[in-house]
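Some notes on the structure that comes next.
The values are calculated or read from the model by the stated rules, or taken from the named source; none is laboratory data. Because the structure is predicted, anything quoted here is derived from the model rather than measured. Note that each Cβ is placed from the backbone with ideal geometry, even for glycine, and that neighbours are counted across all protein chains shown.
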Amino acid sequence: MSGLKDGLKGKVALVTGASTPKGIGLAIARRYAAEGASLFLAAEGTPEQLDAAAAECRGLVQAGATVEYGQFDLGLPDQPEAMVAAALAALGRIDVLVNNAGIRDNKDFGTFTRAEFDRIVSVNLTAAFFTSQAVLPAMRQQGGGRIIHIASQMGHVAADKRAVYGLTKAALIHLTKSMAFELGPEGIIVNAISPGPIRTQPVLDRIAADPKYEAGRKQYVRAGRLGEASEIAELAYFMAATDATYMQGTDIVIDGGYITH
């Protein structure tokens, strides 16, 4: 079979940042589960959040697939490696890695502390770098794999109070290209997704606190609405399952046309 017909049957996916109910990570995990993948969900969230996320995905998995999870603070040294080791111990292989974990601190440039800067960089960029390095031995032994970085439209355009966040996402896009250039010949395919304004829980919380916030974000979105996490999950599924393996080192912006202006 070709294309997406085989789904992800028999594959194992490690998804980071996968505990938030309205988050992109859990949306991707749901999509992968429905297409036959076994999952290892990792997040800094509470055990209760992770247990609920795993239970939801277990309700979607196909026969023969399983869902495991672990709590990890990827902003700390050695946690990316520990997470990968736990996933391999639980499921035996990693075919797809989704580096989705990320944080932001919306502050004016000139007001960031060194600790705030270091924390955002460590979670958004350093963790993706070292998690990707940690999965290489397993993927090489398997003869290949897929690595998907969740970047952001803010890696392409500037925005108020996003200096550090945008910096990390721009660097993540460059890391995608560097990794693809080096790893493509080994069958390890690396691509990135840059979401625009998505109705994740932090965005929904800001809308609830400030009714004008949504209108302000939508004014530049040519689709006339904010996106849904499930739409990012569709693209992440395509990147994980497609036979179109000529697509390597690519960052696909999915933002309703936001950065066209």
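One table, with the values for the structure above:
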quantity: Out of 205, 243, sole residue that is over 15 Å from the mean Cα position of the chain (by Cα), acidic (Asp, Glu) and in a loop (DSSP other than H, G, I, E, B); calculated: 243
quantity: Matching residues in the range 180-201 - criterion: being in contact (Cβ under 8 Å) with a residue 60 or more places away in the chain and not small (Gly, Ala, Ser); calculated: 181, 191, 193, 195, 197, 198, 199, 200, 201
quantity: Some residue of the range 213-224 being in contact with a helix residue (DSSP H, G or I) (Cβ under 6 Å, 6 or more places away or on another chain), free of Cβ contacts under 8 Å to residues at least 12 places away in the same chain and surrounded by 12 or more Cβ atoms within 10 Å (Cβ to Cβ); calculated: yes
quantity: Residue 97 touching a helix residue (DSSP H, G or I) at 6+ places or on another chain (Cβ under 8 Å) and more than 26 Å from residue 165 (Cβ to Cβ); calculated: no
quantity: Selection status of residue 134, out of contact with any Lys or Arg (no Cβ under 8 Å at 6 or more places or on another chain), in a helix (DSSP H, G or I), farther than 22 Å from residue 227 by Cβ and at pLDDT 95 or above; calculated: yes
quantity: The one condition in (1) out of contact with any Leu (no Cβ under 7 Å at 6 or more places or on another chain); (2) part of a helix (DSSP H, G or I); (3) touching a residue at least 40 places away in the same chain (Cβ under 8 Å) that residue 118 fails to fulfil; calculated: (3)
quantity: Wholly within the range 1-90, strands (runs of 3 or more DSSP E) carrying at least 3 residues that are free of Cβ contacts under 8 Å to residues at least 60 places away in the same chain; calculated: 38-43, 67-71
quantity: Test: residue 167 is of a type in the set (A, V, I, L, M), surrounded by fewer than 19 Cβ atoms within 10 Å (Cβ to Cβ) and at negative phi; calculated: yes
quantity: Among the residues listed as 189, 232, the single one being assigned to a strand (DSSP E or B) and either hydrophobic (A, V, I, L, M, F, W, C) or surrounded by 15 or more Cβ atoms within 10 Å (Cβ to Cβ) (or both); calculated: 189
quantity: Candidate set: the range 246-261, residues that are of a type in the set (Ser, Thr, Tyr) and not in a helix (DSSP H, G or I); chosen: the one farthest from residue 31 (Cα to Cα); calculated: 246
quantity: Those residues of the range 137-167 which are of a type in the set (A, V, I, L, M, F, W, C), part of a helix (DSSP H, G or I) and under 20 Å from residue 245 (Cβ atoms), in sequence order; calculated: 138, 139
quantity: Of the criteria (1) touching a residue at least 24 places away in the same chain (Cβ under 8 Å); (2) of a type outside the set (Lys, Arg); (3) under 17 Å from residue 96 (Cα atoms), which one residue 137 fails; calculated: (1)
quantity: Total residues in the range 199-250, condition closer than 30 Å to residue 188 by Cβ, of a type in the set (S, T, N, Q) and out of contact with any Leu (no Cβ under 8 Å at 6 or more places or on another chain); calculated: 5
